[in-house]
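The values are calculated or read from the model by the stated rules, or taken from the named source; none is laboratory data. Keep in mind the model is a prediction, meaning the values are calculated, not measured. Cβ placement follows ideal geometry from the backbone for every residue including glycine, while neighbour counts extend to all protein chains displayed.
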Amino acid sequence: MLKNITSSFAQALESIRSHFFHTFLSILGIVIGVGALVAILSLIDGMEQYANEQISTTTDLKTIAIHTQTHKEIDHIRIAKDTFAVLNVEDFNALLKSLKGVNKGALNTYQSEQISVEGISKQTAAFVNATTPLAEADFKIAFGALFTSTHLQNKDSVAVINYHLAKQLVGEGNQNNLLNKVIQTKDLHVRIVGILKEDKSRNAQLHVPITLLSAAALQAAPPTAYMEAKSVEQVADLKTPIEAWLKNRYPTLHKDFEVMSNEFRVKQVAQGFLLFRVVMGLIVGISILVGGIGVMNVLLISVTERTSEIGIRKAMGANRGDIRRLFLSESIVISLLGSMLGLLLGVLVTLVAIPIIKAFIDVPFQAAYTWNTFLIITIIAVLIGVIFGTYPAMKAARLDPVEAIRRE
């Protein structure tokens, strides 16, 4: 069987070689259609890759957040709950210990407060971040030190301020002088033990141990837990055990918590680009359909021109299956040839299009050539060959050998 198929393809190649110009003209529709499809898919893949990179730089895709829902919805109207569960430090640490695949975690709550500093008459405002210990990888210290887990356990009244708040307090003066000064807020008196280096933040920030807040303060501003998975792929696997832990720890109040991740952003982008691919593929498919009709046309002409040859083959013992296989092989080879030429055309189009796009839009955008695109093109080529080659192959197979020879 394999030998017969190989022989059929060899004969098909010989037939195409002997009528190459005629065959080439007949497959222009496939070349143009496939070229357009390759260019569109490559550009869309590039756009999706660029979009994912932008999402990754603005959003941590590995982060899972546990947020307390302080409102409920009744008849599409949001109403504040009278009571709701709040995640405290002890429960947060217990949750972290129960999970595998977590890189790091934090529990914090933000509030804007008016503050005053010992020895400085100027009053200012800042975002007070009550949190678990700050990660050294994310918060670079300029003077002093970050507060630690020990400070949290002992409920020490310490604080770390950022560069922007230090600048608001002393201007261009020596920020080091702020160390050990007391900052007062509405509910807190804390001593500055660390000052952060300048970063991208443009807001004054005061970081304090979350254990300094009372239960009433946590109820008024419920903290949010953040956990970073070791990889994006582990995010979905972590959500299930987190939800199970919350349900076990808060049997009647677990619905007060919402477990969120940013993976939905990538899924939304992927769905949008998939829709774009399908729509553009259907539009370009019209050109490919025209190309398929061209393949069928050249094969029908070939059947007419080779009627005598078909009759002789049958007279020498070839059956209908052999004749069908011969013309189907020729159809598939013609479609593959057109698709490969279309593939090259599509790549050339993208190489020309990218500089033009960059001339109008200053973004680091590139076309992306994926194996999916090449696989789609190969499948299309085979389908065109089979679909549009079936009728000519059947017509050739049905020819009566005696009548076919007489038509010479």
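None of 162, 154, 174, 129 is touching a residue at least 60 places away in the same chain (Cβ under 8 Å) and at negative phi except 129. Residues that are at pLDDT below 80, outside any loop (DSSP other than H, G, I, E, B) and hydroxyl-bearing (Ser, Thr, Tyr) within the stretch 340-377 comprise just one, 373. Listed conditions (1) exposed (fewer than 15 other Cβ atoms within 10 Å of the Cβ); (2) more than 22 Å from residue 114 (Cβ to Cβ) are all met by residue 203, apart from (2).
Taken over the stretch 309-368, residues that are charged (D, E, K, R) and within 19 Å of residue 385 (Cα to Cα) amount to 5. Within the stretch 383-408, the only residue that satisfies the criterion of being at pLDDT 75 or above, in contact with a helix residue (DSSP H, G or I) (Cβ under 6 Å, 6 or more places away or on another chain) and aliphatic (A, V, I, L, M) is 384. Counting only strands (runs of 3 or more DSSP E) wholly contained in the stretch 143-262, no element carries 2 or more residues that are of a type in the set (Asp, Glu) and at pLDDT 90 or above. Filtered by the rule that a residue be over 17 Å from the mean Cα position of the chain (by Cα) and surrounded by 12 or more Cβ atoms within 10 Å (Cβ to Cβ), the stretch 268-282 gives 280, 281. Answer yes if at least one residue in the stretch 235-243 is in the same structural domain as residue 90 (by TED's automatic domain parsing), buried (at least 17 other Cβ atoms within 10 Å of the Cβ) and touching a helix residue (DSSP H, G or I) at 6+ places or on another chain (Cβ under 8 Å), and no otherwise. Yes, there is a match, as at least one residue in the stretch 235-243 is in the same structural domain as residue 90 (by TED's automatic domain parsing), buried (at least 17 other Cβ atoms within 10 Å of the Cβ) and touching a helix residue (DSSP H, G or I) at 6+ places or on another chain (Cβ under 8 Å). Given (1) touching a residue at least 40 places away in the same chain (Cβ under 8 Å); (2) surrounded by 11 or more Cβ atoms within 10 Å (Cβ to Cβ), identify the lone condition not met by residue 72. Result: residue 72 fails condition (1) only.
May I ask you to verify whether residue 141 is in the same structural domain as residue 199 (by TED's automatic domain parsing), more than 26 Å from residue 225 (Cβ to Cβ) and in contact with a Leu (Cβ under 7 Å, 6 or more places away or on another chain)? So residue 141 fails the test.
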